[in-house]
Every structure is written in structure tokens, then in C-alpha cells.
Amino acid sequence: MQKTVIGLRLGDSCNLTIDFEDNRQLVLTTNTSIVDWQWSLSENGSIPYADYIVACFWEGEIKVNKDKIKK
């Protein structure tokens, strides 16, 4: 079920919207109060505190792991 990503957008509260080639969207919200993080993008799917590329731990706060950014 792989789909090509054609766009990414961050909202004011760091909600992440991912647009796919078939006109579908995935919205990852940041308003959940009972989680350890809101959303995370990583290479291997481990917990964000151990390994993340970009993560939103709290509403309105984005962390970028500069060691993981490929140049």
C-alpha cells in the first residue's frame, strides 16, 4: 500500500498534514494529552526519544535531529 508523498504541511500547533498522490491526506494532530509524544518520523520506527529525524513531543514544539539529516 505504498503511496507517493506529494506534500507536507505544518499547522500553527505543529499538526502535520501529509498529502499523497491519490488526493488522500493523513493529518497527525498534536492535541492529545495522554501520550509521550505527538508524532515522529524516523528510519526504523523506534521510540522518538531513542531515534527520530523529526518529532513533535508537545503541541507547538518540533525537534529536528540534525545528526539524522542526510546532506
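A short reminder: the numbers here are calculations on the coordinates, not readings from a lab. Keep in mind that this is a model prediction, so the values were computed, not measured. Please note: Cβ atoms are built from the backbone with ideal geometry, for glycine as well, and neighbour counts cover all protein chains shown.
Taking all Cα pairs closer than 8 Å and separated by 6 or more residues, the relative contact order of the chain comes to 22 percent.
Reported to the nearest whole Å, the Cα centre-to-centre distance from segment 1-36 to segment 39-56 is 15.
Restriction of the chymotrypsin sites (Phe, Trp or Tyr not before Pro) in the chain to DSSP coil positions whose beta-carbon has at most 12 other beta-carbons within 10 angstrom yields Y49. The GNM of the chain, with springs linking C-alpha atoms under 10 angstrom apart, assigns the highest mean-square fluctuation among I34, I18, I47 to I34. Assuming charge only on the beta carbon of Lys and Arg (+1) and of Asp and Glu (-1), the dipole of segment 5-68 about its Cα centre is about 80 debye to the nearest 20. Take the Cα of V64, step 7 Å toward its Cβ, do the same at V35, and the gap between the two points is 2.2 nm. For Rg and Dmax of the Cα atoms in Å, the candidate list reads [x] 12.6, 35; [y] 26.5, 89; [z] 11.7, 31; the entry that matches the value derived from this model is [x].
Where in segment 1-15 does the label zone of V27 land, with the point 7 angstrom along Cα→C-beta and an amide N cut-off under 20 Å? Residues passing the 20 Å test: 5-15.
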